[in-house]
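One structure is given here, and the rest of the page talks about it.
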C-alpha cells in the first residue's frame, strides 16, 4: 500500500522581471496548500529572506487574503514567529462537477475549505436545461456565503473533452454531447465575477489528488476514474499534462482489445468498454448507475460469485490499461478514484496482475497503485484548484481585474 509521504515540499519562488508578483503568489500558494504557517516557515518554504516575507505578508494582508495571529505560547528562548492564516472568504470559487448521473456543487474558500455543498440528480440531457438547473442549485450556496466574501471565479469539471481556449465540450460520449459551448452557457446563466474555467473531470481529479490527496507533493502521478466511462489525468514533473487543446490523457478511448465491443465514441475495443463501470455492472448482472454500484458492494462483501467474478475480470482489464500508461509515463503513483476508489479492495488483486501482464517489469514493479484520498470529491476540488491557479499566478492583479472576460477552458 501507499508509503508515508514527506511534508510540504519546498516552493522556491521564481525570479525574474515579475519576481515580486511571483513572490506574492508563491507565499499565498504556501498558505493555500499548507494552511496556517509561521513567517519563519514561509522563509524556509520559499527561500525568500525574512524581510521580504514580512513585506509580502503585509501586502497580502492589505489585499485581504491573509491575517496574522500570535503564535501559541511555547517554552524556550526567542520570540515565536507570528502565524499567517489564509482567509477562506477572501477568495471563493464556485466548483461544479458535471457527471453522467449527477451534478455536485460547492463553494470552496482559499485554503481549500469547503464552505457549503449541494448535489442533485441529473435528469436533464439537454445542455440548456442542465445549465439552468446548475444555476438554480448554485443560488442558495452563493447566498449563504459570509459577508464580504469575494468570489474569484467558477471551475467546472465535466466528463468529456473540454477545449482549453473557451470551455467548449468537444465530445462527451456518455452525455451525448458534441460541440457544446458549456463555458459560455454557464457564464451567461451564473453571471459571476472572475474566471470561468472548464476542464476534464479526470484531469482535475489528478490535480486535486496531487495537491490535497494521497498524491500530495508527488511529481509524477496518474489518476484513473470511472463512472459510466473511464478517464485518466496525468501530472508530469509536478505539472498537469493537458496538451495543446486540453485533450491529453483521453486514455479511456485507447485500444486495449481489438476484438472487443463497440464504444460510444465510435471506435471498437476501447479501454472503457472492458474496464468501465457499465461493463462491470453488466458483467455482474446489475443495472447501471449508482444504485447498481451500491448493490455490487453489498454482494461482493457477501462473497457472491457473480459479483466477485465481475470485479476480478474488470480489475484485470483495468490493470492492463494502467500497465500501458505506466510504460508511457513512468509515474511514481497511480491513484484510483470514483467507482474504482470505492471498489479498490476487490479490484486490487486482479488489477495488479493486469499491470504486471502489460507493463515493463522494472516500471510495473516500482509503481504504487492506491485508492483515492478524496473519493467522491477529487474532480470537484480539482475544479476549484483550476481557478485558484489563476489567482495564485497574480493575486494583486486578480483583485484589480475581477471584471475582465472570464470564459476559458482548463
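Results, tabulated for the structure shown:
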| item | result |
| --- | --- |
| Residue list for region 109-135, filter: buried (at least 19 other Cβ atoms within 10 Å of the Cβ) and under 14 Å from residue 192 (Cβ atoms) | 131, 134 |
| Residue 153 being assigned to a strand (DSSP E or B) and within 23 Å of residue 109 (Cα to Cα) | yes |
| Restricting region 73-100 to residues that are at pLDDT below 85 and in contact with a strand residue (DSSP E or B) (Cβ under 8 Å, 6 or more places away or on another chain), the residue that is surrounded by the fewest Cβ atoms within 10 Å (Cβ to Cβ) | 80 |
| Residues of region 266-292 satisfying the condition of being buried (at least 16 other Cβ atoms within 10 Å of the Cβ) and either under 23 Å from residue 331 (Cβ atoms) or touching a strand residue (DSSP E or B) at 6+ places or on another chain (Cβ under 7 Å) (or both) | 269, 270, 271, 272, 274, 275, 276, 277 |
| Residues within region 163-190 that are within 29 Å of residue 396 (Cβ to Cβ) and in a strand (DSSP E or B), tallied | 0 |
| Exclusive hit being in contact with a strand residue (DSSP E or B) (Cβ under 9 Å, 6 or more places away or on another chain), crowded, with 16+ Cβ neighbours inside 10 Å and assigned to a helix (DSSP H, G or I), set 138, 106 | 138 |
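The values are calculated or read from the model by the stated rules, or taken from the named source; none is laboratory data. Every value quoted in this text rests on a predicted model; they were computed, and no experiment measured them. So basically every Cβ, Gly included, is an ideal-geometry build from the backbone, and we count neighbours across all protein chains shown.
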